[in-house]
């Protein structure tokens with residue numbers, strides 16, 4: 001209940017200081033950070049499915065960034 005207003009405020013602040021493309025990168029990384037904080041700080045249990053999902057997210061981010069840099073090099 002508290003997390004949504006905090007996240008909204010953080011992204012609103014972020015969008016006023018960086019481009020939307022950079023802000024989107026932060027949005028993609030947040031699930032991995034949430035898993036880490038839940039598991040190691042709050043003592044939560046992460047299933048193997050959670051770790052697989054985190055890996056898929058990071059592979060997706062890597063693929064997008066790699067594709068973007070390859071496109072920029074080709075111009």
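Taken together, the values in this text are just the output of simple stated rules run on the coordinates, not laboratory data. Just so it is clear, the structure is predicted and the values come from calculations on it, not from any experiment. Neighbour counts run over all protein chains shown; Cβ positions are idealised from the backbone, glycine included.
Look at (1) 3, 15, 26, 25, 17, 10, 3, 0; (2) 3, 13, 17, 19, 20, 15, 8, 3, 2, 0; (3) 3, 13, 8, 9, 8, 7, 7, 6, 6, 5, 5, 4, 4, 4, 3, 3, 2, 2, 1, 0: the one that is P(r) over Cα pairs in 5 Å bins from 0, in percent derived from this structure is (2).
Helix content alone sets the calculated 222 nm mean residue ellipticity of the chain: runs of n ≥ 4 DSSP H residues at -39500 (n - 2.57) each, divided across all residues, give -27000 deg cm²/dmol.
Calculated FRET efficiency, residue 18 to residue 45, Cβ-Cβ distance, R0 = 35 Å: about 0.50 to the nearest 0.05.
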